[in-house]
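Participant: Have a look at this one before I ask anything.
What follows is calculated from the coordinates using simple rules that are stated; it is not laboratory data. Quick caveat, the model's predicted, so the values are computed rather than measured. Cβ coordinates were reconstructed from backbone atoms using ideal geometry, including for glycine residues, and neighbour counts include every protein chain displayed.
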């Protein structure tokens with residue numbers, strides 16, 4: 001059932017947040033895109049069509065029809081893309097899983113939440129603001145705190161992962177994939193217990 005096309009309309013959105021320019025590739029702030037690419041790879045899904053100001057691809061996950069999205073609006077305007085797709089498919093916030101970077105978690109750590117504030121993440125802030133809801137399930141991926149106070153926060157989140165960190169991330173992306181399966185199956189509590 002995985003990766004195969006399903007009939008009917010898209011029921012869920014799986015959104016990875018990031019920035020589209022080449023200079024942002026493999027940076028900490030693009031962790032949502034990296035995770036989505038990993039999940040798409042496991043599903044055999046190409047996320048390369050352009051729709052809703054995003055790169056998109058459709059996949060079946062556990063019998064559910066899911067649109068995988070990488071908004072190209074730049075991080076701070078992610079809500080434009082997400083809300084456009086939500087309106088088109090008439091999807092409620094509870095059926096939109098958002099994956100993004102979190103500086104309060106170490107690299108390789110992941111935190112799942114059913115809903116809540118943006119936690120200072122501007123892409124999530126845009127989604128909450130434009131949709132008028134904070135009821136989005138989310139997977140926060142640790143990118144590590146600034147190594148010292150001399151680093152500017154913007155420089156830190158736009159820095160690249162080391163090779164060792166990338167290996168750690170790939171193992172964690174596998175957990176993110178398993179978490180998405182559980183979340184789509186209505187088992188978010190189980191996902192939180194297993195992976196938080």
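Participant: How much length is gained if the chain between residue 92 and residue 170 is pulled fully straight, taking 0.36 nm per residue apart and subtracting their Cα-Cα distance, in nm to one decimal? Could the numbers behind the result be given before it?
Facilitator: Details: separation 78, 0.36 × 78 = 28.08 nm, distance 2.99 nm.
Here the answer is 25.1 nm.
Participant: Now, a different point. Please find the FRET efficiency linking residue 185 to residue 129, where r is the Cβ-Cβ separation and R0 is fixed at 30 Å, and quote it to the nearest 0.05.
Facilitator: Working: r = 29 Å, r/R0 = 0.98.
E(calc), rounded to 0.05, equals 0.55.
Participant: When DSSP assigns beta bridges and you keep just the ones with both residues in segment 14-81, what percent turn out antiparallel, to the nearest 5?
Facilitator: On the way: 11 of 13 bridges.
Of those bridges, close to 85 percent are antiparallel.
Participant: A follow-up question, please. Rounding to the nearest 10 and keeping the result within 0 to 90°, find how far the Cα-based axis of helix 122-131 lies from the longest principal axis of the chain.
Facilitator: For helix 122-131, the angle is close to 30 degrees.
Participant: Sort 14, 153, 158 by Cβ crowding within 10 Å, fewest neighbours at the top.
Facilitator: Ordered by Cβ neighbours within 10 Å, fewest first: 153, 158, 14.
Participant: Moving on. Angle check, please: helix 163-184 long axis (alpha carbons) against the longest principal axis of the chain (alpha carbons), in degrees 0 to 90, nearest 10.
Facilitator: 30
Participant: Follow-up. Quick check: the angle from helix 31-43's long axis to the longest principal axis of the chain, C-alpha only, nearest 10 degrees?
Facilitator: The angle comes out at about 40 degrees.
Participant: Hey, another quick one. Please compute one quarter of the surface area of the Cα convex hull for the chain and express it in square nanometres. Don't skip to the answer; put the middle values down first.
Facilitator: Working: hull surface 40.5 nm².
Convex hull of Cα atoms, orientation-averaged projection: 10.1 nm².
Participant: Let me ask something else. Under 8 Å for C-alpha pairs, at least 6 residues apart: give me the relative contact order for segment 1-142, rounded to a whole percent.
Facilitator: Details: 320 pairs, mean separation 39.9, N = 142.
Relative contact order comes out at 28 percent.
Participant: Next up: Percent antiparallel among DSSP beta bridges with both residues in the chain, to the nearest 5?
Facilitator: 55
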